[in-house]
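Quick notes on the structure that follows.
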Amino acid sequence: MASVVLSEAEKLYIVHGVQEDLRIDGRGCEDYRCAEVETDVVSNTSGSARVKLGHTDILVGVKAEMGTPKLEKPDEGYLEFFVDCSANATPEFEGRGGEELGTEIANTLYRVFSSESSIDLKSICINPREHCWVLYVDVLLLECGGNLFDAISIAVKAALFNTRIPKVRVLEDEEGSKEIELSDDPYDCIRLNVDDVPCIVTLSKIGYRHVVDATLQEEACSLASLLISVTSKGAITSMKKMGKGSLDPESIFEMMETGKRVGKSLHIALQKILDEEESLGTSRQKVGFLG
């Protein structure tokens, strides 16, 4: 992961500020940086989104392809995650430098989406045991400015909201063989219900307090973080501890309560942006990579 080198005086300045609920960029401990969300930015995907959170820049594309359901879940489609850490994000990702981080992020996303309530996978099954839609979710890290996991989860939810899957039907002939017919209408699509898709809230322990949406400088002052995936209703679906430091039980419970509170407001703000963008329809001016 991208990192910065700070002197002891700089670390002390950041830690003391956090104890007073005043961070170096003027935010409080529970405040997020300004986020920019734009959907439908990549033309050759079923759905896409770009999220800029401070200096963290994430691009997500979702491609729907036909596949065979898994043996253990014959009546469901499934998601596949792939994370690419661009060398443009930080020189540390050159060569195979970002591979380990990419695998870690992908595994975290699999864990977040392992909850059956997160997304209705039965709705993307075409023909049980034979055909289903497989959603390939490709995440590209364009710039790392701290708090990667939160930005990625926001981008994934926005891209899934934007995803349109072609409507198909199964036809059976007299001999019993089945054929799949694609709808002629390009606007005849299935939309995914993302109401229960969780967002990740990362809480970084700095001194005796914890902060959300840590910058690279704040991450350098934190020895332990807690990743919490929270639904729009404030329910925690998974947790993961990161960093070399330890967390006492009291701190974990405090962080969980903060995560639930912050997560609910994050979902409300994100859904409001997505609905506003949706309401503009084709008249919306796309910013893309020129903004």
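Things to note:
- Given charges at Cβ of Lys, Arg, Asp, Glu: the stretch 138-291 dipole, positive-most of I273, V170, L247: L247
- Accessible area of K11 in the full protein assembly, 1.4 Å probe (Å², nearest 10): 60 Å²
- Residue order for C125, C132 - accessible surface, 1.4 angstrom probe, largest first: C125, C132
- Of the solvent-accessible surface of the stretch 8-279, computed with a 1.4 Å probe over protein heavy atoms with every protein chain present, carbon and sulfur atoms account for 50 percent.
- When the GluC sites (Glu not before Pro) in the stretch 31-104 are filtered for DSSP coil states and for at most 16 other beta-carbon atoms within 10 Å of their beta-carbon, the remaining sites are E72, E94.
- Cβ charges +1 (Lys, Arg) and -1 (Asp, Glu), total dipole of the stretch 8-279, debye: 840 debye
- Within the stretch 127-155, backbone nitrogen closer than 16 Å to the virtual label 7 Å beyond the Cα of A87 toward Cβ: 141-143
- Accessible area per residue for the chain, computed on protein heavy atoms with a 1.4 Å probe, is 53 Å².
- With the whole protein complex present, S153 retains an accessible surface near 10 Å², based on a 1.4 Å probe.
- Relative contact order (percent, whole number), the stretch 117-274, Cα cutoff 8 Å, 6+ residue spacing: 19 percent
- Lysines with Cα under 26 Å of K70, excluding same-chain neighbours fewer than 8 positions away: K122, K157, K167, K178
- Remark: the S7-D120 segment gains 35.8 nm on full extension, using 0.36 nm per residue and subtracting the alpha carbon distance.
- For the stretch 143-153, Karplus couplings with θ = phi - 60° (6.51, -1.76, 1.60), whole Hz, Gly/Pro x: 7, 10, x, x, 6, 5, 4, 5, 4, 5, 5
- Cα long-axis angle, helix 8-19 against the chain (0 to 90 degrees, to the nearest 10): 70 degrees
- Segment L223-E100, extension gain: residue separation times 0.36 nm, minus the distance between their alpha carbons: 42.3 nm
- Accessible-area rank, largest first, for F93, F253: F253, F93, with all protein chains present and a 1.4 angstrom probe.
- Listed by chain and number, the aspartates and glutamates whose alpha-carbon sits under 12 Å from that of K240, ignoring those within fewer than 8 places in the same chain, are E104.
- Between the stretch 137-177 and the stretch 240-277, the alpha-carbon centres lie 23 Å apart.
- In the complete set of protein chains, residue-level accessible area for D31 is approximately 70 Å², probe 1.4 angstrom.
- Taking the stretch 1-85 and dividing mean pair separation by its residue count, relative contact order in percent (alpha carbons under 8 Å, at least six apart): 13 percent
- As a length-normalised measure over Cα pairs under 8 Å and 6 or more apart, the relative contact order of the chain settles at 19 percent.
- Sites listed here are trypsin sites (Lys or Arg not before Pro) in the stretch 140-229 whose DSSP assignment is loop and whose Cβ has at most 16 other Cβ atoms within 10 Å: K167.
- Unit Cα scatterers, Debye sum, the stretch 132-187: log10 I(q)/I(0) for q = 0.12, 0.13, 0.23 Å⁻¹: -0.51, -0.56, -0.98
- Stretching the chain fully between L171 and E278 yields a gain of 35.2 nm (0.36 nm per residue, less the alpha carbon separation).
The values are calculated or read from the model by the stated rules, or taken from the named source; none is laboratory data. In this text, all values refer to a predicted model and were calculated from it rather than measured experimentally. Cβ sites come from the backbone with ideal geometry, for glycine too, and all protein chains shown count toward neighbours. Calculation scope for accessible area: heavy atoms of the full protein, side chains included, ligands and nucleic acids excluded. Shrake-Rupley method; radii C 1.70, N 1.55, O 1.52, S 1.80 Å.
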